[in-house]
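A.B. asks: Sharing a structure, written as structure tokens. Questions coming.
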């Protein structure tokens, strides 16, 4: 039963987060990116915590847990998610996806040097490298087009910050588990992430008008219900069940889903590079998810000399 639950959680974050690229693209054309992120996460967090309160599920958190959830909400949803939105105002989507796909490398690298971290086997590292190569093949046409346009350094810096923040937030959730269940923890993380994004929206407000309409409302509704309530809850639960490096394989699969949905819904063409890249990425995800892990050896603690010697 647990294997089935893990498989379902992976399927949710693979497919749903891949589909949110389209909803985000529609939404940011109608509303400033930070305000949209704030509305998405604040609404989802309030809805989730409110529903838990109605069904009498425990949502009371200790100060320690609130501190962990506030930090993970900032790292994952304000910095990790928000800076991607910021970057895509100056960087092509294909390049953004390629930089964000380094998240498994960040996580595996950090895990291998942190005391007690879970190290990937050689097969796992091969899978991570293969995944990056496959994504490069998949996005080759977009990257070739992007090379003809000037790219502002701020966009690349924002993407690197986003990738590092998301990786750090994922490890924080794994290494500092809270006593709340996954639903309540997700609600608080989204609430804190929404508040931080609201602060960003206030600080970066440039007078961009908000065009309320069916497109914006539909995009927000999809992001709130599926992108946040469903997928982020699955992610929060999954981080507690498997290694962070395996969870992070979503970074390879999401662009594949986005490309396939773009072809289906937006009639975007699919060339040979997409099919080849898809095959390589699927092989890479299989390698990472089936690779064994081992705990990193703890670092030696210097022993202080006894007083008086």
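The values are calculated or read from the model by the stated rules, or taken from the named source; none is laboratory data. Fair warning: this is a prediction, and the values are worked out from it, not measured in the lab. Positions of Cβ are backbone-derived with ideal geometry, glycine not excepted, and every protein chain shown enters the neighbour counts.
A.B. asks: Only one of 238, 275 is crowded, with 16+ Cβ neighbours inside 10 Å, at pLDDT 70 or above and either out of contact with any helix residue (DSSP H, G or I) (no Cβ under 9 Å at 6 or more places or on another chain) or assigned to a helix (DSSP H, G or I) (or both). Can you tell me which? Step through it out loud before you land on a result.
C.D. replies: Details: 275 fails: crowded, with 16+ Cβ neighbours inside 10 Å.
Residue meeting the stated conditions: 238.
A.B. asks: Looking at 36, 31, which one is in contact with a helix residue (DSSP H, G or I) (Cβ under 8 Å, 6 or more places away or on another chain) and outside any helix (DSSP H, G or I)?
C.D. replies: After ruling out the rest, the residue left standing is 31.
Here is a yes/no grid of residues against (1) touching a strand residue (DSSP E or B) at 6+ places or on another chain (Cβ under 6 Å); (2) modelled with pLDDT under 75; (3) assigned to a helix (DSSP H, G or I):
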{"position": "209", "(1), (2), (3)": "no, no, no"}
{"position": "221", "(1), (2), (3)": "no, no, yes"}
{"position": "257", "(1), (2), (3)": "no, no, yes"}
{"position": "268", "(1), (2), (3)": "no, yes, no"}
{"position": "306", "(1), (2), (3)": "no, yes, no"}
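A.B. asks: Applying the selection to segment 82-123, what residues are crowded, with 24+ Cβ neighbours inside 10 Å, modelled with pLDDT under 70 and either out of contact with any helix residue (DSSP H, G or I) (no Cβ under 9 Å at 6 or more places or on another chain) or part of a helix (DSSP H, G or I) (or both)?
C.D. replies: Listed by number, the residues that qualify are 96, 97.
A.B. asks: What single numbered condition from (1) within 24 Å of residue 181 (Cα to Cα); (2) part of a loop (DSSP other than H, G, I, E, B) fails to hold for residue 42?
C.D. replies: The one condition residue 42 does not meet is (2).
A.B. asks: Being within 27 Å of residue 238 (Cα to Cα), touching a helix residue (DSSP H, G or I) at 6+ places or on another chain (Cβ under 9 Å) and surrounded by fewer than 23 Cβ atoms within 10 Å (Cβ to Cβ) narrows it down to one of 191, 199, so name that one. Break it down into steps so the answer makes sense when it comes.
C.D. replies: Working: 199 fails: within 27 Å of residue 238 (Cα to Cα).
Exactly one residue qualifies, and that residue is 191.
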